[in-house]
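Visitor: Structure below; questions to follow.
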């Protein structure tokens, strides 16, 4: 008899959860939709003018390697398509003195956004940035 009561209670609990799970969550969906729309309205900024940006990216390898440079190139391509910025790409630039010369030439040529895709470019970029604040 006691075992029957335990099974009946377990069945009742399972049935209660099943019925609750089948209920409508229409209110919750409406609230989330309203909150999402409000957040979208707040974060949608007017289109920016990027015509003054002259950008270049310096790769340690080629984007065709499907690795580090490839992932950078995907982001650069998205920047070009979404922001309308034309980006000059330089590939296979070794770290060190040659990188300093490349970054220096880009700065002299008026590039105001220069990205290096290697941690080994950090010191050369800092050196050149000091000359072109």
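The values are calculated or read from the model by the stated rules, or taken from the named source; none is laboratory data. Because the structure is predicted, anything quoted here is derived from the model rather than measured. As a convention, Cβ positions derive from the backbone with ideal geometry for all residues, glycine included, and neighbour counts pool all protein chains shown.
Visitor: I need the full set of residues from segment 119-133 which are free of Cβ contacts under 8 Å to residues at least 60 places away in the same chain and crowded, with 17+ Cβ neighbours inside 10 Å, in order please.
Guide: Within segment 119-133, 124, 125, 128 meet the criteria.
Visitor: Do we have residue 76 as without any contact (Cβ under 8 Å) to a residue 40 or more places away in the chain and either crowded, with 16+ Cβ neighbours inside 10 Å or not assigned by TED's automatic domain parsing to the domain that holds residue 117 (or both) here?
Guide: Details: without any contact (Cβ under 8 Å) to a residue 40 or more places away in the chain: yes; either crowded, with 16+ Cβ neighbours inside 10 Å or not assigned by TED's automatic domain parsing to the domain that holds residue 117 (or both): yes.
Yes: the conditions hold for residue 76.
Visitor: So which residues in segment 42-59 are more than 20 Å from the chain's Cα centre (by Cα) and modelled with pLDDT of 95 or more?
Guide: 54
Visitor: Let me ask another. Of everything in segment 81-133, what is closer than 24 Å to residue 50 by Cα, outside any helix (DSSP H, G or I), at pLDDT 95 or above and over 25 Å from the mean Cα position of the chain (by Cα)? Give them in sequence order.
Guide: 109, 110
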